[in-house]
Amino acid sequence: MDLVPKDRPVRLGILLSGRGSNFLAIAESIRAGRLKNVEIAVVISNIAEAGGIAKAREMGLPTQVLVSKGRRREEHDADVIACMHAHHVDLVCLAGYMRLLSPAFVAAFPNRILNIHPSLLPAFPGLDAQTQAFDYGVKMAGCTVHFVDNELDHGAIILQRAIPVLDGDDAHSLSARILIEEHIAYTEAIARVVSGEYEIRGRRYVKAGTEGTREQAVVSFAADRS
Ligand code: GRF
């Protein structure tokens, strides 16, 4: 973030459509103190029956259902943006939000929208990424947290976590093991973004002030592997 509030926590706006396990992992990280200086401002679902919104309600968090079905994307997004602003959201986290964002939404929160995707992007964007990866026969799978831009599953990558695909896996067991990594990755990615220590360099999201430290990078990489 180029503007990290110094006098108050960073306010997250969570958008979800389903069971909400990534949202719950973020909430638990905040509760446990793993994610500091962050609070959940609002949880918004576009599906009234989403399990995640019921859990947010039980937790006493501010919630809002804004049903998207049958509405024009721009109209629905305008309501979501207004709700985010009403709750003074700094950073939007898509957590299983099964809807593309309009350009107006992306422009309303420039480099302030994160998404988690269950593949090592740019491989396997779109739906059923874990099954796509499994069927392709990859040996490494994983997840990606990235900034959202106007292309599907495309913005600058904040971090990735990789796991091997085991010979005994099926798409279901692989998805379950990727999900464990997702829950770790989202917290780490948010921590990175709110730290104010990283910057976008081209497509790369890197620690500020590390330009020209290639030799040092080679040495520390070698040391890590010895
Ligand atoms: C996750 O696999 C996430 O990567 C993808 O949608 C799924 C949402 O799961 N974008 P949950 O609702 O967070 O449990």
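Take the alpha-carbon positions of the chain, form their convex hull, and give its projected area averaged over all directions (one quarter of the hull surface) in nm².
14.1 nm²
Between beta-carbons, use under 9 Å as the cut-off and find the net charge around F105, counting Lys and Arg +1, Asp and Glu -1.
-1
What does the charge count near A176 come to, summing +1 for each Lys or Arg and -1 for each Asp or Glu among other residues with Cβ under 12 Å from its Cβ?
Charge balance near A176 sits at -3.
Can you tell me the alpha carbon radius of gyration of region 1-100 divided by the globular rule-of-thumb value 2.2 N^0.38 Å?
Rounded to two decimals, the normalised Rg is 1.05.
Can you give the convex hull volume per residue for the Cα atoms of region 96-202, as a whole number of Å³?
That works out to 100 Å³ per residue.
S17 accessible area, nearest 10 Å², 1.4 Å probe?
20 Å²
Just from the alpha-carbon atoms, what are the Rg and Dmax of region 78-118 in angstroms?
Using the Cα atoms of region 78-118, the pair Rg, Dmax is 10.0, 31 Å.
List the DSSP H helices in the chain whose Cα atoms stretch 27 Å or more along the helix axis and whose mean Kyte-Doolittle hydropathy is at least 0.0.
171-195
Tell me, what % of the accessible area of the chain is carbon and sulfur with a 1.4 angstrom probe?
Numbers: 6490 of 11910 Å².
Ligands and nucleic acids excluded, carbon and sulfur give 55 percent.
Please give the FRET efficiency for E151 paired with R8, using the beta carbon to beta carbon distance and R0 = 35 Å, rounded to the nearest 0.05.
The computed FRET efficiency comes out at 0.60.
So how much slack lies between R57 and R72, counting 0.36 nm per residue of separation and subtracting their Cα-Cα distance, in nm?
2.7 nm
Quick one: if you stick a label point 7 Å off each Cα along the C-beta vector at S173 and E49, how many nm between them?
Those two pseudo-labels are separated by 3.2 nm.
How much net charge surrounds C143 when only the other residues with a Cβ under 13 Å from the Cβ of C143 are counted, with Lys and Arg +1 and Asp and Glu -1?
-2
Applying a 10 Å radius around every beta-carbon, put 10-16, 129-135 in order of their mean neighbour count, most first. Show your work: numbers first, answer last.
Numbers: 10-16: 24.7, 129-135: 19.3.
Order by mean packing, descending: 10-16, 129-135.
From the cross-link list K6/K55; K6/K207; K139/K207, which pairs have alpha carbons spaced over 23 Å apart?
Too far apart for the 23 Å limit: K6/K55; K139/K207.
The values are calculated or read from the model by the stated rules, or taken from the named source; none is laboratory data. What you are looking at is a predicted structure, and each value in this text was computed from that prediction instead of being measured. Quick reminder, even Gly has a Cβ in these numbers, built from the backbone with ideal geometry, and neighbours come from all protein chains shown. To get the accessible areas, we keep the full protein, side chains included, count just its heavy atoms, and leave off ligands, DNA and RNA. Shrake-Rupley method; radii C 1.70, N 1.55, O 1.52, S 1.80 Å.
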